[in-house]
Amino acid sequence: YIYCGIAVSLLLLGCATKPSSPTIQRVVVFGDSNVDNGNIYRLTEKKRPAPPRWQGRESDGPVVVEYLAKNLNAKLEDFAFSGATSGESNIVARIAPQLSLVASTGMSRQIDDFIKAGGQLGESDLVVIWAGSNDIFGAKREDRDGLQKRIETAILNLENAVNRLHSKGAHH
């Protein structure tokens, strides 16, 4: 329920823009496997995800942001990594220790790297952040306090991401 509430809130914030907003020209993406268009595949020299996954995605076809950018006729800049948490870490490195080079590819780190590289956002950019499910990976349902702490941390990370991206010019 919490994740649905966050998604709806972020969607409604995106809908609260001026009707005279310029056309979206660029879709900028930070997040996990749901929006990774092959970044982890390239970083791991095509070791993860392994076939039968489609062209380096954790899916059997393009991910949602690829369809979104295509339908908007916008450029796609995708910084997402499969296994990313909403923070700095990535669960793939926990599952497959030999892939330790992905350990610091969480969503927060993706945004850090974007900002350090001089990344800026503007009125014609649509920013997508998609993370949180990997934050609760491995949590025991019986450990309600531990699960609640992980959920609260994910919420704080997502709020921080929105604020940081807004400070870099994100409007949508």
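Scanning for something surrounded by fewer than 20 Cβ atoms within 10 Å (Cβ to Cβ) and modelled with pLDDT of 95 or more, does the stretch 128-146 turn up at least one residue? No: zero hits. Answer yes if at least one residue in the stretch 108-117 is farther than 22 Å from H172 by Cα and either modelled with pLDDT under 75 or open to solvent by 60 Å² or more (accessible area, probe 1.4 Å) (or both), and no otherwise. No, the stretch 108-117 contains no residue that is farther than 22 Å from H172 by Cα and either modelled with pLDDT under 75 or open to solvent by 60 Å² or more (accessible area, probe 1.4 Å) (or both).
For the stretch 85-136, residues that are under 18 Å from L165 (Cα atoms), out of contact with any strand residue (DSSP E or B) (no Cβ under 6 Å at 6 or more places or on another chain), polar (S, T, N, Q) and in a helix (DSSP H, G or I) total 1.
Of the listed requirements (1) in contact with a strand residue (DSSP E or B) (Cβ under 7 Å, 6 or more places away or on another chain); (2) open to solvent by 10 Å² or more (accessible area, probe 1.4 Å); (3) under 23 Å from R164 (Cβ atoms), L72 misses just one: (3).
What residue, among those in the stretch 153-172 that are touching a residue at least 24 places away in the same chain (Cβ under 8 Å) and among the small types (G, A, S), is surrounded by the fewest Cβ atoms within 10 Å (Cβ to Cβ)? So the residue we want is G169. Residue under question is Q120, and the condition is that it be in contact (Cβ under 8 Å) with a residue 24 or more places away in the chain, open to solvent by 40 Å² or more (accessible area, probe 1.4 Å) and among the polar types (S, T, N, Q); does it hold? Answer is yes for this residue.
Being of a type outside the set (D, E), under 21 Å from I24 (Cβ atoms), at pLDDT 95 or above and in a strand (DSSP E or B) is a condition met by at least one residue of the stretch 71-84. Screening R150 with (1) in contact with a helix residue (DSSP H, G or I) (Cβ under 8 Å, 6 or more places away or on another chain); (2) of a type in the set (D, E, K, R); (3) surrounded by 15 or more Cβ atoms within 10 Å (Cβ to Cβ); (4) in a loop (DSSP other than H, G, I, E, B) gives one miss only, at (4).
The values are calculated or read from the model by the stated rules, or taken from the named source; none is laboratory data. The shown structure was predicted, so the numbers you read here are calculated from the model rather than taken from an experiment. Note that we place each Cβ from the backbone using ideal geometry, even for glycine, and neighbour counts take in every protein chain shown. We work out accessible area using only protein heavy atoms, side chains counted, and drop any ligands, DNA or RNA first. Shrake-Rupley method; radii C 1.70, N 1.55, O 1.52, S 1.80 Å.
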